[in-house]
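Trainee: The structure under discussion is supplied below as structure tokens; questions concerning it will follow.
The values are calculated or read from the model by the stated rules, or taken from the named source; none is laboratory data. Predicted model only: the values in this text are computed from it and were never measured. Virtual Cβ from ideal backbone geometry, glycine too; neighbours counted across all protein chains shown.
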Amino acid sequence: MGQIQRDRMIDSEAVFDVDIISHEHMGEDLRAVWQSLRASNPDLYSPYFDLAYTDHVASLREDVRIIVVTDQGRPVAMLPIQGGRFAQPVGAPMTDYHGLICGPEYDFDLQDILGRAGIGSYHFSGLIGHGRAGEGQEVAATDVSMGAEKWRAAKNKSYRRMLKDNNRRARKAEAEIGEITAKFNVRDTQALDQLLTWKRDKFAMTGKYDVLSIGWTEDLLHRLFAAQSPQLRCEMHVLYFDGRMAAADMGLTDGVTFHSWMVGYDADFQIYSPGSQLLEQLIDAAPELGYKTIDLGAGLEGYKKHYNGIDQRAYSGFIAATGPAAALSRAYGAAERMGERANFEGLTKLRRRYSQIAACDRTTKGRAVAMFDAIKNAGKS
């Protein structure tokens, strides 16, 4: 398997080997095992766990590697990463979910795996399944396979109040602007460009780091948007007010799960909640589109609390595994905990911001400039 290093990990019943290989050394046999393991584990329903996603990232970055855990020569788990001893999930910070590709019967020690693979620390923002380190959040994902009418009938009073307000805003928009229409799986690249412009404007307004400012991240979106494979692709759904683009939602999908990825709207229409209106129309159209699950990502803040329904949690934080990189990460963690006790969240925000910057821009100068801007704009976010 193109082994770089090997060590042994022992539990009460089995002895495992740990290898780390470059993405280009994945043969067809190992690729088939990946897909089989993912299919066996309901926790890995998200399209981010499809091997094709890692393939797309690896075509844009040269530092993608795969940690492979084997049991007597048989692969039983894999973890795609990027970076060196300070590793991150493949595709970070674009990847909303990440974790071990393995069957549901295994419960590995992720810290042990990382250490034996020679990884010093692993910083993550949406870890699913094994590890469970850091802070956990419920996932805002919902099963819409029964159809919109039955789905809405099962929702609580809080959702129904929200829906009533949303319908009122829709009527107001139609009275003041014009007809509201939705188009699904829009393939117009100009519409995509408009969505990305809205996202950049939002980054600038909030002072948050623009993850689209580095070429490979936007290239990843365009590459997936252009892909027409039923296995993995991006689909974009657009809401129009009187023919004018009001909101868009571009998501990653395998045809069964739609993971809302890039959402934006025209600020002129903010009072009409075009994003919420588009989401409700998407739920109506889900059966025609083939979607059984709509996933809005980790966290139940704001409107997202109305759309959870799957028992899943995603974890953010870091795992300090071995060596100097682990020691430095633990030092950062200790500083953050001190800051939390002093009601100062700035250290945590800056660490997370730097993690985003480091994943996007691998140049020292680029990271320094981005961090200076982050510190300067810290008060905005």
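Trainee: Among the numbered conditions (1) over 22 Å from Val211 (Cα atoms); (2) touching a residue at least 40 places away in the same chain (Cβ under 8 Å); (3) among the hydrophobic types (A, V, I, L, M, F, W, C), tell me where Ala92 comes up short.
Mentor: (1)
Trainee: Right, something else. Can you go through Leu196, Leu212, Leu252, Leu279 and tell me which one is assigned by TED's automatic domain parsing to the domain that holds Lys150, buried (at least 22 other Cβ atoms within 10 Å of the Cβ) and more than 27 Å from Ala39 (Cα to Cα)? Talk me through it step by step, then tell me what you get.
Mentor: Numbers: Leu196 fails: buried (at least 22 other Cβ atoms within 10 Å of the Cβ); Leu212 fails: buried (at least 22 other Cβ atoms within 10 Å of the Cβ); Leu252 fails: more than 27 Å from Ala39 (Cα to Cα).
Unique residue meeting the criteria: Leu279.
Trainee: Read through the list (1) under 16 Å from the mean Cα position of the chain (by Cα); (2) surrounded by 18 or more Cβ atoms within 10 Å (Cβ to Cβ), then give the number of the only condition that Ile113 fails.
Mentor: Every listed condition holds for Ile113 apart from (1).
Trainee: Can you name the condition, by its number, that Thr197 falls short on among (1) in contact with a helix residue (DSSP H, G or I) (Cβ under 9 Å, 6 or more places away or on another chain); (2) more than 23 Å from Gly299 (Cα to Cα); (3) of a type in the set (Ser, Thr, Tyr)?
Mentor: Just one mismatch for Thr197, condition (1).
Trainee: Kindly indicate whether Glu135 is in contact with a Phe, Trp or Tyr (Cβ under 7 Å, 6 or more places away or on another chain) and among the acidic types (Asp, Glu). I'd like the intermediate steps shown before the answer.
Mentor: On the way: in contact with a Phe, Trp or Tyr (Cβ under 7 Å, 6 or more places away or on another chain): yes; among the acidic types (Asp, Glu): yes.
Yes.
Trainee: Here is a further query. Looking for whichever is over 20 Å from Gly91 (Cα atoms) and not in a helix (DSSP H, G or I) here; the options are Ser158, Ser145. Which one fits?
Mentor: Details: Ser158 fails: not in a helix (DSSP H, G or I).
Residue meeting the stated conditions: Ser145.
Trainee: What number of residues within segment 72-101 are on the phi < 0 side of the Ramachandran plot and not in a loop (DSSP other than H, G, I, E, B)?
Mentor: First, pick out the residues of segment 72-101 that are on the phi < 0 side of the Ramachandran plot: 74-82, 84-90, 92-98, 100-101.
Applying the additional criterion that residues be not in a loop (DSSP other than H, G, I, E, B) yields 74-82, 86-89, 98, 101.
Residues meeting the conditions: 15.
Trainee: Turning to a different aspect of this structure: Tell me, which strands (runs of 3 or more DSSP E) wholly within segment 231-283 include 2 or more residues that are among the small types (Gly, Ala, Ser)?
Mentor: Details: elements: 233-241, 244-253, 257-265.
In segment 231-283, the matching strands (runs of 3 or more DSSP E) lie at 244-253, 257-265.
Trainee: Could you please find all residues in segment 1-36 being in a loop (DSSP other than H, G, I, E, B) and modelled with pLDDT of 55 or more? It would help to see each step written out before you state the result.
Mentor: Our first condition is that a residue be in a loop (DSSP other than H, G, I, E, B); within segment 1-36, this holds for 1-6, 11-14, 26-27.
If the condition is that a residue be in a loop (DSSP other than H, G, I, E, B) and modelled with pLDDT of 55 or more, then Ala14, Met26, Gly27 are the ones that fit.
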